[in-house]
Amino acid sequence: MRLTRLLTTREALLAAAIALMLALIASRFPAFVAPGNLVAVFNDTAPLIILAIGQMVVILTRCIDLSVAATLALTGMVVAMLNLAHPDLPVAAILAIAVALGCGLGMINGLLVWKLDIPPIVVTLGTMTIYRGAAFLISGGKWVNAHEMSDAFKAFPRTQILGMPVMSWIAILVVVVLAVLLARTETGRAFFAAGGNPDAATYAGIDVGRTRFLAFALSGALAGLVGYLWVARYAVAYVDLAAGFELDVVAACVIGGVAIMGGVGSVAGAVLGALFLGVIKNALPVIDVSPFWQMAISGAAIIIAVILNAKAGRARGRIILRQTEAVQ
Amino acid sequence: MTSDILPGTAGTVTVPLPEALPILALRGVTKTFPGVRALSDVALELYPGQVTALIGENGAGKSTLVKILTGIYQPDGGEILVDGAPARLDSPQAAAAARITAIHQETVLFDDLTVAENIFLGHAPRGRFGLIDRAEMRRRAGQILHELGARIDPGQPLRQLGIAARHLVAIARALSIEARVVIMDEPTAALSHKEIEELYTLIERLKAQGKAILFISHKFDEIFRIADRYTVFRDGQMVGAGLIAEASEADLVRQMVGRDVSQVFPSRTPRIGAPVLQVEGYAHPTEFADISFTLRAGEILGFYGLVGAGRSEFCQALFGMTRPSAGSLRIDGQPVAIRSPADAVAHGIVYVPEDRGRQGAIGAMPIFQNVTLPSLARISRNGFLRLAEEFRLARDYCERLDLRAASLDTPLGTLSGGNQQKVVIAKWLATRPRVIILDEPTKGIDIGSKAAVHEFMAELAAQGLAVIMVSSEIPEILGMSDRVIVMREGRIAAELSGGDLTPETLVRHAAGIGETWE
């Protein structure tokens with residue numbers, strides 16, 4: 001019970017930290033917390049939120065997906081070139097293709113981890129480079145620029161519904177669907193079990209390899225989705241799109257309390273971790289802090305999050321002692 | 001039989017005459033773990049140039065003794081004498097300084113280092129500036145390996161070597177610290193016949209160099225072949241010692257298993273029903289062959305055998321964790337194919353692994369989710385879990401096992417070990433199994449908890465479950481089973497029940513004594 005409370009406090013703590021940050025910024029720049037700006041910040045963070053949730057599922061199974069940004073870039077390039085070649089292709093088809101392609105790329109990762117038993121960090125480090133290389137090969141290194149994209153293609157993520165762009169609504173939809181999937185389905189439970197104790201999961205009749213495969217496929221599908229949204233929103237596609245973004249995604253998970261050893265994590269944590277980074281990224285330029293500090297603060301936040309996780313682990317040790325005493 | 005631990009004035013023995021003083025002697029050594037007395041008032045003497053065999057069932061205290069001799073455990077009482085003088089082996093370093101070394105069942109070496117580096121790790125020859133003198137290290141490693149008659153290149157990475165060659169490297173390492181006492185813990189377990197012969201030659205060579213060897217083995221033919229002396233342990237006590245030349249196999253078996261089965265087992269009148277599980281000709285390419293038997297409702301079928309006889313491997317195949325290469329399976333007379341643990345659970349077969357903490361509990365997951373994990377399909381509707389139903393199921397089974405926890409929402413890892421075990425068992429019962437496989441159900445738990453597990457097992461059988469119990473403890477096998485299958489080297493050596501079921505018959509069939517001796 002204490003640990004549950006501790007974990008919920010961790011998420012509450014993170015929410016409080018974000019609120020405190022907003023309050024501090026607001027004391028000097030009240031415009032930052034105006035509803036319109038908050039929506040803008042959320043919208044700007046939406047890709048990170050979607051990717052962080054996919055990454056969280058992968059980390060839950062005791063794996064890691066370093067290829068998310070490369071998957072995003074390759075998918076983005078493919079749909080941008082597709083739009084260039086067939087401007088009449090409806091957005092719904094573009095979306096379906098992006099998700100399917102991302103899912104396929106994720107399945108390659110998953111199959112390598114499952115069937116060949118290669119460590120996930122090695123697999124995705126490899127495919128990360130391969131997917132970027134593929135983006136270069138199909139584009140010949142050339143950019144797809146705003147004027148080459150159809151208006152419908154560019155407009156979709158920016159379309160406003162109830163005062164918020166579609167991009168934000170998609171992030172919210174992903175959050176809700178994944179929260180239900182994790183809490184209320186067998187597959188969701190399998191993600192936690194496979195990472196929490198792979199041996200125990202196997203004895204319980206869960207195919208750990210297949211579960212990991214599903215996690216990679218999911219992470220890939222979400223990266224594919226973001227690939228289209230990203231290219232359409234910024235109206236440009238190029239090989240180095242979102243280079244290094246996979247580290248932000250992992251950082252969001254770690255800050256959000258997702259245990260890198262698997263089995264522990266929540267959608268709320270991943271979302272808050274992403275928002276924490278998103279607020280920092282958007283606020284620091286406003287209060288005129290150099291991008292160097294931006295990176296240093298993100299780094300410090302990661303270390304603090306890990307220390308808090310370690311503290312939570314130690315607290316658990318004390319609880320065991322207390323409980324055994326109580327039982328005796 | 002009275003124990004004679006004094007060196008015999010054995011003029012008739014063909015082995016080198018014992019010198020007056022043992023290199024290493026233990027007197028009254030006792031070691032207690034919480035709830036378990038692992039060793040009690042144990043004595044042992046090792047003489048230069050002689051092989052002493054240490055014999056005992058699993059759990060007799062042999063491993064604990066090895067750990068005391070190598071400085072990993074500290075005894076609670078008694079004394080250790082090296083060359084007649086009291087010594088303290090309070091760390092592995094102290095044991096190495098006393099020139100005692102152990103070669104383990106699974107030799108602890110480093111795959112990515114070279115043979116020479118493995119041999120000299122921690123005591124490499126130093127050259128100028130205190131740096132490791134690689135040339136000298138290789139030269140000396142080569143010399144030691146040559147003395148052993150091993151054709152191994154000292155510069156080769158260890159990874160490239162087979163098990164037998166690794167043993168040689170481990171022995172070379174022992175020689176490199178100029179060990180006087182060499183402990184070999186089941187050294188032949190993974191070796192082929194030819195490699196075993198080579199090991200014997202090597203042991204003869206070590207004897208000639210005046211080393212004292214402690215040889216731990218389950219195999220009587222080996223003991224009679226290589227040992228000069230023996231010491232028998234049972235339940236943490238030394239129950240006999242003497243010269244091999246003066247002992248017979250029957251003596252050793254009797255000392256090993258003891259006469260009295262001191263534990264109390266629940267009295268049960270088995271109500272054996274219809275056949276539930278029929279196994280026909282199950283085989284695996286490397287682990288077991290020709291396994292056929294019928295298991296009936298309400299029956300407890302014991303599987304006995306030495307470690308490595310293929311019992312767990314067979315049970316894992318039965319549970320779908322590995323695929324058999326041949327054989328068929330019937331449940332309630334209907335042929336079924338089990339290709340994965342999920343299939344097994346769906347057909348009502350569950351497997352409670354030996355290490356229930358490590359292989360059964362998911363510490364970070366709430367208690368109720370641990371309980372329901374294999375039963376999720378049953379509490380789902382339209383692909384969604386019914387949480388209220390799930391909680392009810394978990395509460396039901398936790399109450400049945402009298403689990404004390406503040407809330408079932410708590411992560412399992414916050415419970416004590418005993419309560420975690422209850423959750424793991426609740427998890428399997430909640431699947432409503434027909435057949436339950438218990439692998440070493442009481443290994444490593446104290447006497448009180450053992451009785452509870454036995455009660456529980458009897459209760460399961462009384463409810464009509466068919467129980468397979470894999471156990472290496474003879475009292476448990478005798479006390480709980482209605483019928484016993486003894487496995488040896490991956491095959492069924494005997495099926496025993498009723499009057500045939502005695503400690504002697506179990507040990508004979510498990511060790512294959514009837515065939516090689518008599």
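The rows are residues; the columns are (1) within 21 Å of B:Leu65 (Cα to Cα); (2) in contact (Cβ under 8 Å) with a residue 40 or more places away in the chain; (3) not assigned by TED's automatic domain parsing to the domain that holds B:Ser292.
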| position | (1), (2), (3) |
| --- | --- |
| B:Gly210 | no, yes, yes |
| B:Ile223 | yes, yes, yes |
| B:Ala227 | yes, yes, yes |
| B:Thr231 | yes, yes, yes |
| B:Arg268 | no, yes, no |
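Please state which one of A:Val57, A:Val79, A:Val99 is β-branched (Val, Ile, Thr), surrounded by fewer than 23 Cβ atoms within 10 Å (Cβ to Cβ), touching a residue at least 40 places away in the same chain (Cβ under 8 Å) and part of a helix (DSSP H, G or I). When all the criteria are applied, what remains is A:Val99.
Checking the conditions here, which among B:Ile379, B:Ile362 is crowded, with 19+ Cβ neighbours inside 10 Å, at the interface with chain A (Cβ under 10 Å from one of its Cβ atoms), closer than 29 Å to A:Leu181 by Cβ and in contact with a Lys or Arg (Cβ under 6 Å, 6 or more places away or on another chain)?
Values: B:Ile362 fails: in contact with a Lys or Arg (Cβ under 6 Å, 6 or more places away or on another chain).
Unique residue meeting the criteria: B:Ile379.
Is it fair to say B:Leu385 is over 35 Å from the mean Cα position of the chain (by Cα) and within 8 Å of chain A (Cβ to nearest Cβ)? Give the steps one after another, and end with the answer.
Values: over 35 Å from the mean Cα position of the chain (by Cα): yes; within 8 Å of chain A (Cβ to nearest Cβ): yes.
Answer is yes for this residue.
Just need a number here: residues in region B:151-197 that are assigned to a loop (DSSP other than H, G, I, E, B), under 23 Å from the mean Cα position of the chain (by Cα) and not charged (D, E, K, R). Count: 7. Exactly one residue among B:Thr101, B:Thr52, B:Thr64 is part of a strand (DSSP E or B), touching a residue at least 12 places away in the same chain (Cβ under 8 Å) and in contact with a Leu (Cβ under 6 Å, 6 or more places away or on another chain), and that residue is B:Thr52. Among the conditions (1) surrounded by fewer than 20 Cβ atoms within 10 Å (Cβ to Cβ); (2) in contact with a helix residue (DSSP H, G or I) (Cβ under 6 Å, 6 or more places away or on another chain); (3) within 11 Å of chain A (Cβ to nearest Cβ), the only one that B:Phe319 does not satisfy is (1).
Just to verify a result, which residue in region B:345-359, among those that are at the interface with chain A (Cβ under 7 Å from one of its Cβ atoms) and under 17 Å from B:Ser312 (Cα atoms), is modelled with the highest pLDDT? I'd like the intermediate steps shown before the answer.
Our first condition is that a residue be at the interface with chain A (Cβ under 7 Å from one of its Cβ atoms); within region B:345-359, this holds for B:345, B:351, B:353, B:358-359.
When the remaining residues are screened for being under 17 Å from B:Ser312 (Cα atoms), the result is B:351, B:353, B:358-359.
Values: B:Tyr351: 89, B:Pro353: 83, B:Arg358: 75, B:Gln359: 81.
Per the stated criteria, the residue is B:Tyr351.
Selection of first residues in region A:200-213 that are more than 7 Å from chain B (Cβ to nearest Cβ) and among the charged types (D, E, K, R) and of second residues that are crowded, with 24+ Cβ neighbours inside 10 Å and assigned to a helix (DSSP H, G or I), restricted to Cβ pairs under 6 Å at least 6 apart or on distinct chains, gives the following pairs, ordered by first then second residue: A:Arg212/A:Val113. Each residue in region B:390-419 was checked for being at the interface with another protein chain (Cβ under 10 Å from one of its Cβ atoms), outside any loop (DSSP other than H, G, I, E, B) and either closer than 23 Å to B:Ala342 by Cα or modelled with pLDDT of 85 or more (or both), and 3 of them qualify.
Which residue, of B:Leu81, B:Leu113, B:Leu69, B:Leu89, is of a type outside the set (Val, Ile, Thr), in contact (Cβ under 8 Å) with a residue 60 or more places away in the chain and either closer than 17 Å to B:Val169 by Cα or surrounded by 13 or more Cβ atoms within 10 Å (Cβ to Cβ) (or both)? Break it down stepwise before answering.
Numbers: B:Leu81 fails: in contact (Cβ under 8 Å) with a residue 60 or more places away in the chain; B:Leu113 fails: in contact (Cβ under 8 Å) with a residue 60 or more places away in the chain; B:Leu89 fails: in contact (Cβ under 8 Å) with a residue 60 or more places away in the chain.
Result: B:Leu69 is the single residue among B:Leu81, B:Leu113, B:Leu69, B:Leu89 that is of a type outside the set (Val, Ile, Thr), in contact (Cβ under 8 Å) with a residue 60 or more places away in the chain and either closer than 17 Å to B:Val169 by Cα or surrounded by 13 or more Cβ atoms within 10 Å (Cβ to Cβ) (or both).
Within region A:232-285, the residues that satisfy the criterion of being away from chain B (no Cβ under 14 Å) and of a type in the set (Val, Ile, Thr) are A:Val236, A:Val239, A:Val249, A:Val250, A:Val254, A:Ile255, A:Val267, A:Val271, A:Val279, A:Ile280.
The values are calculated or read from the model by the stated rules, or taken from the named source; none is laboratory data. All values derive from a computational prediction rather than experimental measurement. Every residue, glycine as well, gets a Cβ built from its backbone with ideal geometry; the counts of neighbours run over all protein chains shown.
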